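To start, the structure itself, in structure tokens.
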């Protein structure tokens, strides 16, 4: 696929922008204003939300390649989005402490020909057992407040992680192994 105009990233996330930048593909940021209410399992929700965000931006840019993503953290049957306040962040981090959880990221790409390509990546992450005192100190840094599951693995929370099974870039919010596969399939000139 020959791109005559820059790709659009339908996300204001600096982390997603940094990761997408690795490919050397020109892109512009156009955040989606789509409703972020979804139902179902974590995997179903990220799939729905990535598609909705992609459709929202693509309707205004029908001649462009549009990439959207959504990330959620799941532990047991609980789906953890972004915390609403510090107490909510503490609740989420307590759920994760000493346990394994899943991080799901839905990716949706809309091509200029109208074709949609969707994928969901899942990574298992295990937290160290962490005291409430340490969790409160982490929350006081402000880092957890706009992150799914109330943590950023690429930030200070990296010190709280015991192990990762799967893609680390998925946990950050954009699974590069999925994008590389899809971009090659589309014939995009990488790097």
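The values are calculated or read from the model by the stated rules, or taken from the named source; none is laboratory data. It should be emphasised that the depicted structure is a prediction, and the values quoted were computed from it without experimental measurement. Note that each Cβ is placed from the backbone with ideal geometry, even for glycine, and that neighbours are counted across all protein chains shown.
Tell me which residues, restricted to region 119-170, are under 19 Å from the mean Cα position of the chain (by Cα), closer than 23 Å to residue 85 by Cα and assigned to a helix (DSSP H, G or I).
Across region 119-170, the qualifying residues are 143, 144, 145, 146, 148, 149, 150, 156, 157, 158.
Count, please, the residues in region 89-113 that happen to be within 24 Å of residue 11 (Cα to Cα) and either part of a helix (DSSP H, G or I) or touching a residue at least 24 places away in the same chain (Cβ under 8 Å) (or both). Lay out the reasoning, then the answer.
Within region 89-113, the first condition is being within 24 Å of residue 11 (Cα to Cα), and the residues that meet it are 89, 92, 102-113.
Narrowing the set further to residues that are either part of a helix (DSSP H, G or I) or touching a residue at least 24 places away in the same chain (Cβ under 8 Å) (or both) leaves 89, 92, 102-112.
Counting residues in region 89-113 that are within 24 Å of residue 11 (Cα to Cα) and either part of a helix (DSSP H, G or I) or touching a residue at least 24 places away in the same chain (Cβ under 8 Å) (or both) gives 13.
Each row is one residue, and each column tells you yes or no for (1) modelled with pLDDT of 95 or more; (2) over 22 Å from residue 181 (Cβ atoms); (3) surrounded by 14 or more Cβ atoms within 10 Å (Cβ to Cβ).
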position	(1), (2), (3)
77	no, yes, no
85	yes, yes, no
89	yes, yes, yes
98	yes, yes, no
104	yes, no, yes
115	yes, no, no
121	yes, no, yes
127	yes, yes, yes
148	no, yes, yes
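Sort out which residues of region 20-33 are in contact with a strand residue (DSSP E or B) (Cβ under 7 Å, 6 or more places away or on another chain) and either surrounded by 14 or more Cβ atoms within 10 Å (Cβ to Cβ) or closer than 17 Å to residue 50 by Cα (or both), and write them in order of number.
20, 25, 27, 29, 30, 32, listed by residue number.
With respect to residue 17, determine if the residue is modelled with pLDDT of 95 or more, part of a helix (DSSP H, G or I), under 14 Å from the mean Cα position of the chain (by Cα) and exposed (fewer than 15 other Cβ atoms within 10 Å of the Cβ). Let's see the steps before the verdict.
Numbers: modelled with pLDDT of 95 or more: yes; part of a helix (DSSP H, G or I): yes; under 14 Å from the mean Cα position of the chain (by Cα): yes; exposed (fewer than 15 other Cβ atoms within 10 Å of the Cβ): yes.
For residue 17, the condition - modelled with pLDDT of 95 or more, part of a helix (DSSP H, G or I), under 14 Å from the mean Cα position of the chain (by Cα) and exposed (fewer than 15 other Cβ atoms within 10 Å of the Cβ) - is met.
Yes or no: residue 64 crowded, with 17+ Cβ neighbours inside 10 Å and out of contact with any strand residue (DSSP E or B) (no Cβ under 7 Å at 6 or more places or on another chain)?
Working: crowded, with 17+ Cβ neighbours inside 10 Å: yes; out of contact with any strand residue (DSSP E or B) (no Cβ under 7 Å at 6 or more places or on another chain): no.
Considered against the rule, which asks whether it is crowded, with 17+ Cβ neighbours inside 10 Å and out of contact with any strand residue (DSSP E or B) (no Cβ under 7 Å at 6 or more places or on another chain), residue 64 comes out as no.
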